[in-house]
Structures are given as structure tokens and as C-alpha cells.
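As C-alpha cells, the structure follows; a few thoughts come after it.
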Amino acid sequence: MPSVRHLVRPDIADLEPYAPIEPFDVLAGRLGLSVDQIVKLDANENPYGPSPQALAALANLSGTTEVAIYPDPNHTALRHALSKYTQQSPERIICGTGSDEIIDLLMRICLQPGDAIIDCPPTFGMYSFDAGVQAARVINVPRNEAFDLDLAGIAQAVEQHHAKMMFIAAPNNPTGNSISQETVERLLELPLLVIIDEAYAEFAGTSMAGMVGQYPNLVVLRTFSKWAGLAGLRIGYGLVPEALIAHLWKIKQPYNVNVAAQVAALASLEDTEHLLGTVAQIIDERIRLYDTLSALPGFSVYPSSANFLLCHIGELPTNHINGARELYEALMQRGILVRFYNKPLLRDCIRISVGTPAQNDVLLEIVHDILSIS
Ligand SMILES: Cc1ncc(COP(=O)(O)O)c(C=O)c1O
């Protein structure tokens, strides 16, 4: 049998695979639980799901005239609706299969093997992962203990490595903190592309979207995965200055965003009142969870402007559970899924996505139970 190993790019052969979360039903099967016994608080999805109008639009898709034909490659109707939503010109908007696709496309138009990007960990893992796919160098400029950016370190690294781009999640995942407009303006003075990833902007209530076009090197990314409850349909978008966006259009797969995603996103934009209502409920619950978890012995909870909370787990008041990993595992055994981290600056941390009041009550009850607090 001929070997094909030598046909694969050596840097791809050596690449660490991205570790996505385990599918819900597979995990339920492994735990011996039914899917409805699971409280899924591990991927920052929207516990209220899509808007009823989006679900109705999906149900009304007509097979032959819509599903059987290719989708609009230019996302025309959606870009016009997004223009109203973001107050940006449709010429500056491009849609992708999740904002993940726009991250990938931006890297593909900018990075050649050996080029550098600045990454500011702890942050969203796709930036360094996608840079690896382009055989780019990832220059880490870690955040400080409050998870703020090291502006002097970034400026120095940009100069030293001639870095071409940096991605800043605002609010940042998994730390939950955001970034001021003044800081973004400082970054924009540097000679590289600055991509502000606003996956959680609707929960923060602030956005840099209006600044796109005023600076040649600013891109803003947004998504329907979080606030609009459409993570499963994969639909996000970029707000990109004209000079750059032309290159993204050239290289994107023509039919990248499928019919269902375009229809559901459009209907969501017609139902923002409902969706922003659920965002407000999630924010209320974030405040309640923050207060309740912060009062627990061993828990240090970081302030968050997103739909999740990062908790550092110190000494717990029980002999049965030692540290964040064991707490994460104990929660999983009881059907509560959260995300566990144990890497630099995120030692002994768990991230909890904010659920519905009922889900959060179950979480709190089980945490109390595990810690033997009545
Ligand atoms: C900061 C950040 N950016 C982008 C994404 C990906 O969003 P999408 O589902 O639109 O690809 C996520 C998802 O968790 C995220 O946390």
C-alpha cells in the first residue's frame, strides 16, 4: 500500500488539532443520561434558542424553489438588513459560515508562511489555530492578571516581528472583560490589521462597528451564534473597509452561507425586540449568578460583560473535591456541562455559560450539593 504521509504539508501533519466540545448526545450517552437531563453551559450558546420568527421562516422554506437551488452568493438581502442593524454600508459587510470563517478568510488574504500575528492569551483559540493552518508565527503577548492588554508589549512585538494582524475578542472569551474605545484607538495607530471580534457585543451593549471605515486597518467581526441563538446554522459576518473586503469576496467559497442560515438570520433581524429581550434576561441572570457564585467559598468570579462567567477555583470546603478539574468532572457526572481550563493565566478555572433561570438554579443547587453547603 503506498503511503500518503509525505503528500501532506509537513506543518499540517504536525499541527495540533483544535479540540471542539464533545457533541451533546454523544456525551449524554457516555454519561448514561438522557439529552434532557443535561444542562449545557459549556459553549456560550443562547439557552433561549432562536427567535420564533426565525423558526417559522425555517419551517416555511419551500423545498423546490429555495432548498433545492444554490443560495445567494452575495447574501444581498441579509447584507441590507445587516446594514440597518449595524448602521454600516452594505459594501462593507460580508457574511460567513460563522465568524470563524471570516477569521480564516482574513488570515488567508494576509498571511504567508512565516508571517507573524499577535495573539493575546488567554483568548479564543481559533486565532492561533487558524494562524497555524497558514503556517504563520504566533507571537504571544499575554494579558496581565486582570486580563487587560499589554499595550507596550504589543507595540514592541509588532515592531520586532513585523506582525501583520491581531485579533482581539471584545468582550474576551473566556475572561469576559471588554476593551475601551481609547485602547482600540491606540492599537489602530500600529502598522497592522486590528480585528475586533465582537461575538458577544450584544451582551456588552458596546461596539466598535461604527468605527469601521474611519480607519483603514480596523475590521469588526460579529455573529448570530450567541445573541440570536443560531450557533447550529453557522452564520456570522465581518465589517470590513472597502480596500480589504474586495479580497475576501475573491477567495470565499461562492455558496458559503446556506439558504437556511440566510433565512433565519434575516428573520432574526426582523425580531430584534424578542431577541434583545432574551439578551436582557441573560444579563440579569449573569448578575445573579455572579453574586451567588462569588459568595461561595473557594470561588473567585471575574466580572463579565458577555454571556458567561470565568471562575477561578481555589480551596473548596469539602474533602471530596479538590480544585477546578474535579469540580468540572463532578458537575459533568451530574449532567452539568461547563468548560475547564488549566493553562497559563487560567490555572484551575472553569467557564460557565449563563443559562435560563431554571438551568442556573439547577447548577447552583448541584454546586451547593457537591460542596456540601446547605
Ligand atoms: C470570541 C469568539 N469569536 C468567534 C466565535 C465563533 O463564532 P461563530 O459561531 O460565529 O463562528 C466564538 C465562539 O465561541 C467566540 O467566542
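Values in this text are rule-based calculations from the coordinates and carry no lab data. No experiment lies behind these values; they were computed from the predicted model shown. Heads up, the Cβs are rebuilt from the backbone with ideal geometry, glycines too, and the neighbour counts pull from every protein chain shown.
Sorted from largest to smallest, which semi-axis lengths in Å does the alpha carbon gyration tensor of segment 62-271 give for its equivalent ellipsoid, taking the root of 5 times each eigenvalue?
Numbers: eigenvalues 172, 66, 47 Å².
Taking √(5λ) for each eigenvalue gives 29, 18, 15 Å, largest first.
Restricting to segment 184-291, what percent of DSSP beta bridges are antiparallel, rounded to 5?
45 percent
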With unit charges on the beta carbon (Lys/Arg positive, Asp/Glu negative), name the residue among Ile69, Asn173, Gly125 whose Cα is farthest towards the positive pole of the charge dipole of segment 62-271. Ile69
Mean residue ellipticity (222 nm) of the chain, computed from DSSP H runs ≥ 4 via -39,500 (n - 2.57), nearest 500: -11500 deg cm²/dmol
Comparing Gln253, Gln359, Gln160, which has the greatest mean-square fluctuation in the GNM of the chain with Cα pairs linked when under 10 Å apart? Gln160
Subtracting the Cα-Cα distance of Ser89 and Asp150 from 0.36 nm times their residue separation yields 18.7 nm
So how far, in whole Å, is the C-alpha centre of segment 260-308 from the one of segment 46-108? 22 Å
With Cα springs under 10 Å, the Gaussian network model of the chain assigns the largest mean-square fluctuation among Cys120, Cys349, Cys110 to Cys110
Using DSSP H assignments, which helices in the chain have an axial alpha-carbon span of 18 Å or above and a mean Kyte-Doolittle hydropathy of -1.0 or higher? 272-294, 357-370
Residue by residue through segment 191-204, the couplings from Karplus 6.51 cos²θ - 1.76 cosθ + 1.60 with θ = phi - 60°, in Hz, x for Gly and Pro, are x, 8, 7, 10, 10, 9, 9, 9, 4, 10, 4, 5, 7, 8
Of Leu15, Tyr215, Phe147, whose Cα points farthest to the positive end of the dipole of the chain (charges on the beta-carbon: +1 Lys, Arg; -1 Asp, Glu; origin at the Cα centre)? Leu15
To the nearest 20 Debye, how big is the dipole of the chain about its Cα centre, given +1 on the beta carbon of each Lys and Arg and -1 on that of each Asp and Glu? 660 debye
Of all DSSP beta bridges in the chain, what percent run antiparallel (nearest 5)? 55 percent
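Determine the dipole magnitude for segment 155-214: charges of +1 sit on the beta-carbon of Lys and Arg, -1 on that of Asp and Glu, nothing else is charged, the reference point is the Cα centre, and the result goes in debye to the nearest 20. The partial results should precede the final answer.
On the way: 2 positive and 7 negative charges, 25 e Å.
Magnitude of the dipole: close to 120 debye.
Determine one quarter of the surface area of the Cα convex hull of the chain, which equals its mean projected area, and express it in nm² to one decimal.
If you wrap the Cα atoms of the chain in a convex hull and average its projections, you get 21.3 nm².
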Gained length - Gln112 relative to Asp284, 0.36 nm times residue gap less alpha-carbon distance: 57.4 nm
If the convex hull is drawn through the Cα atoms of segment 246-302, its volume per residue in Å³: 167 Å³
With every atom except the alpha carbons ignored, what do you get for Rg and Dmax of segment 296-370, in angstroms? 11.7, 33
How far is it, in nm, from the label point at Asp291 to the one at Asp36 when both lie 7 Å from their Cα along the line to the Cβ? 3.2 nm
Could you give the size of the charge dipole of segment 62-271 about its Cα centre, using +1 on the Cβ of each K and R and -1 on the Cβ of each D and E, expressed in debye and rounded to the nearest 20? 380 debye
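Need the full-extension length gain, Thr206 to Lys343, defined as separation in residues times 0.36 nm minus the C-alpha distance. One decimal, nm. Provide the component values of the computation, followed by the final result.
Numbers: separation 137, 0.36 × 137 = 49.32 nm, distance 2.91 nm.
Extra length available between Thr206 and Lys343 comes to 46.4 nm.
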Once you sort the root eigenvalues of the Cα gyration tensor of segment 179-269 as a ≥ b ≥ c, which label holds: rounded (a/c under 1.5), prolate (a/b larger than b/c) or oblate (the other case)? oblate
Cα-only Debye scattering, segment 85-152: base-10 log of I(q)/I(0) at q = 0.15, 0.24 Å⁻¹: -0.61, -1.01
Bins of 10 Å, starting at 0 and running to the largest distance - Cα pair percent for segment 1-142: 8, 22, 28, 29, 12, 1
With unit charges on the beta carbons (Lys and Arg positive, Asp and Glu negative) and the dipole taken about the Cα centre of the chain, which residue among Leu363, Gly335, Ser3 sits farthest to the positive side? Ser3
